[in-house]
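Please treat every number below as a calculation from the coordinates, not as lab data. In this text the structure is predicted, and so the values were computed from the model without any measurement. Here Cβ is always computed from backbone atoms with ideal geometry, including for glycine, and neighbour counts include all displayed protein chains.
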Amino acid sequence: MPWQEVSTVSLREEFCALARAEGANVSELCRRSGISRKTGYKRLGRYAAAGVAGLADASRRPATMPRLTNADRTARVLALRDAHPTWGGRKLRRRLEELGETPPAASTITAILRRADRLAASGQTHHPAWQRFEAPAPNDLWQLDFKGHFAMAKGRCHPLHLLDDHSRVVLGLVACPNEHLETVQCELTAIFRRAGLPRRRLCDNGPPWGSFHGGPELTTLGAWLIRLGIRVSHGRPYHPQTQGKLERANRTLAADVLATPRYPDLPACQRAFDAWRHGYNHERPHEALGLATPMSRSAMSPRPFPEVPPPLTYEEGDLIRTVQPNGLVGFRGREVTAGRALAGQPVALRPTTTDGVWEVRYAHQLLRTLDLRGPRAAQIEPEPGQ
């Protein structure tokens, strides 16, 4: 979404969090944010002095409270729980600490919630624990997918959800009218201009991310991302746990936002999404991060969005072939699949260290491996996730 449609204070807080990260390029961040370096450093100074309250146009910081009585602390716990109905004792306690208060123990907070009928009698729903993995650094891997669409008073909303694998920061949550290529490319362009580019993108195999025509095939969207310098990978079919972090964030989104009555239109959905994204990134303690907030582990991507895609380059020794309209290229009397999305574009056939085995590549991306050692060429697809 364009910056002007998102909370000003939220964007300023996100700017400060990224600018304070180790190794941050403040000048580049100011350029992406459309502000001068003087304004950027002024906001950083106000944030250091007064926190989020210093980022508002007018000061809204409450007066410092004296040590709370038991009744006061109970009221504060319940008020915070009402603002975040899905948070438990540990998250509430960490958030109260971040607000400068002296909260009771997490177990005491849980007891307060139970006495006030804020907890379901059946307790928490337990979900299976998947094998965990995590990208080593921010912007190494972004997970991307549509959350299941839902009805509004007028039409349907298709939430486009983009999350950083390492920090769990929700980089984008957009209320889209459909899941068409043009819509996705437009929204991703806006996010890339603001947040930069990741090294790799992980999606499932459904459109517009993946396509099957007798086998996995690169889509037009995937080809565009590769031209931007992003590695494109897909989860294993019928294994949503490959994108477990995004699936988990979607469950929180469903409980916090989508459980409410029907929204009237897309702008109303977007306002709810923006408020939720800010709370998820900046306020909600994350269990998998040791109760830190996602934004505390985030960093600005060092790779800016190129307004003009860079030219295709290949290595010396590559054999270059132009993809035919049917998605095939000819090689040594055989037809090799490159994909309809690459029709008219050059791909490279690159020999490997094994005699008779070749790689089929588009820019930096391995499309498949070609084994010519038998009577019929074997075309081997990359493993899911590569």
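Note down the net charge around ILE230, summing +1 for each Lys or Arg and -1 for each Asp or Glu among other residues with Cβ under 14 Å from its Cβ. With Lys, Arg at +1 and Asp, Glu at -1, the neighbours total +3. Restricting the range 223-319 to chymotrypsin sites (Phe, Trp or Tyr not before Pro) that sit in a DSSP loop and have at most 14 other Cβ atoms within 10 Å of their own Cβ leaves TYR238. Principal-axis analysis of the Cα atoms of the chain puts helix 70-83 at an angle of about 30° to the longest axis. Distances between every pair of Cα atoms in the chain, grouped in 10 Å steps from 0 to the bin holding the largest one, split as 4, 20, 27, 24, 14, 7, 3, 1, 0 percent. Considering only alpha-carbon pairs that sit under 8 angstrom and 6 or more positions apart, the relative contact order computed for the chain is 15 percent. Each of ALA363, LEU246, GLY229 was scored by the projection of its Cα onto the charge dipole of the chain, and the greatest displacement toward the positive side belongs to LEU246; charges sit on the C-beta of Lys, Arg, Asp and Glu. When the convex hull of its Cα atoms is viewed from all sides, the range 141-297 shows a mean projected area of 9.3 nm².
Think of the chain as having a plus end and a minus end, set by charges on the Cβ of Lys, Arg, Asp and Glu; of GLY333, ALA56, ALA255, ALA56 sits farthest toward the positive end of this dipole.
Rounded to the nearest 20 debye, the dipole size of the chain about its Cα centre is 1100 debye, using +1 on the Cβ of Lys and Arg and -1 on the Cβ of Asp and Glu. For the chain, set up a GNM with springs between Cα atoms under 10 Å and report which of SER27, SER301, SER233 has the largest fluctuation. Greatest mean-square fluctuation among the candidates belongs to SER27. Beta bridges per DSSP, both residues in the chain: antiparallel share near 85 percent.
The H on the amide N of ARG200, modeled in the peptide plane, is under 5 Å from the matching H of LEU141, TRP142, ARG231, each at least 5 residues off or on a different chain.
Extension gain for ALA48-THR322 works out to 93.1 nm (0.36 nm per residue, less the C-alpha to C-alpha distance).
Computed over the chain with a Gaussian network model linking Cα atoms closer than 10 Å, the most mobile of ALA151, ALA175, ALA116 is ALA116. Against the chain, whose longest principal axis is taken from its Cα atoms, helix 89-98 shows a tilt of about 80°. Bridgeable lysines around LYS147 (alpha carbons under 22 Å apart, same-chain partners fewer than 8 residues away excluded): LYS245.
Rounded to the nearest 10 degrees, the inclination of helix 8-19 to the longest alpha-carbon principal axis of the chain is 70 degrees.
I'd like the trypsin sites (Lys or Arg not before Pro) in the range 282-386 restricted to DSSP loop residues with at most 16 other Cβ atoms within 10 Å, sorted by number. Counting only loop positions with at most 16 other Cβ atoms within 10 Å, the trypsin sites (Lys or Arg not before Pro) in the range 282-386 are ARG332, ARG373, ARG376.
The GNM of the chain, with springs linking C-alpha atoms under 10 angstrom apart, assigns the highest mean-square fluctuation among LEU163, LEU246, LEU367 to LEU367.
Near ARG193, once Lys and Arg are set to +1 and Asp and Glu to -1 for all other residues with Cβ below 13 Å from its Cβ, the sum equals +1.
Selection among LEU44, LEU372, ALA111 by position relative to the dipole of the chain gives ALA111 as farthest towards the positive end (Cβ unit charges, Cα centre).
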